[in-house]
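Novice: Sharing a structure here in C-alpha cells format.
Here, each number is a calculation from the coordinates, and none is a lab measurement. Bear in mind that the values here come from a model prediction, so they are computed numbers and not experimental data. Using ideal geometry, Cβ is built from the backbone for each residue, glycine included, and neighbour counts are taken over all protein chains shown.
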Amino acid sequence: MFYEVRIKNPDGSLKKVVTQSTLQKLHWENFQKAEDGIGLVTASRPQVPAWVKQNLDAIYPESGDNY
C-alpha cells in the first residue's frame, strides 16, 4: 500500500504532492525493469584468476586440478 507523499521546500511550504497512484505506477515500472534485467543465469560462479590457481598448485601439489 502506498501513501500520498508531500514534498516541502526548506522554508516549510508545500512544493509537490505525489499521489498514491503515481507512486504505484513508478513502483511497478521500476519493478518490471528490474525483473527484465534478471536472466536465467545471473549468479554465475566467478573465474578464479590464474595467479591464484598457480599459488594453490604450489601450496597443495597433491590436489591437482580438483578446484
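Novice: Per 10 Å bin, what is the whole-percent P(r) computed from every C-alpha pair distance within the chain?
Specialist: 15, 20, 16, 13, 13, 14, 8, 0
Novice: Using Cα atoms only, what is the angle between the long axis of helix 20-36 and the major principal axis of the chain, expressed in degrees (0 to 90) to the nearest 10?
Specialist: Orientation of helix 20-36: about 20 degrees from the principal axis.
Novice: Then there's this: Please report, in debye to the nearest 20, how large the charge dipole of the chain is about its Cα centre when each Lys and Arg carries +1 at its beta carbon and each Asp and Glu carries -1 there.
Specialist: Charge dipole of the chain: 580 debye, to the nearest 20.
Novice: Between Lys53 and Asp36, what is the label-to-label distance in nm when each label sits 7 Å out along the Cα-to-Cβ direction?
Specialist: Those two pseudo-labels are separated by 3.8 nm.
Novice: Shifting gears a bit: Quickly work out the Val17-to-Phe2 label distance, labels modelled 7 Å from Cα along the C-beta direction, and quote it in nm with one decimal.
Specialist: Result: 1.6 nm between the two label points.
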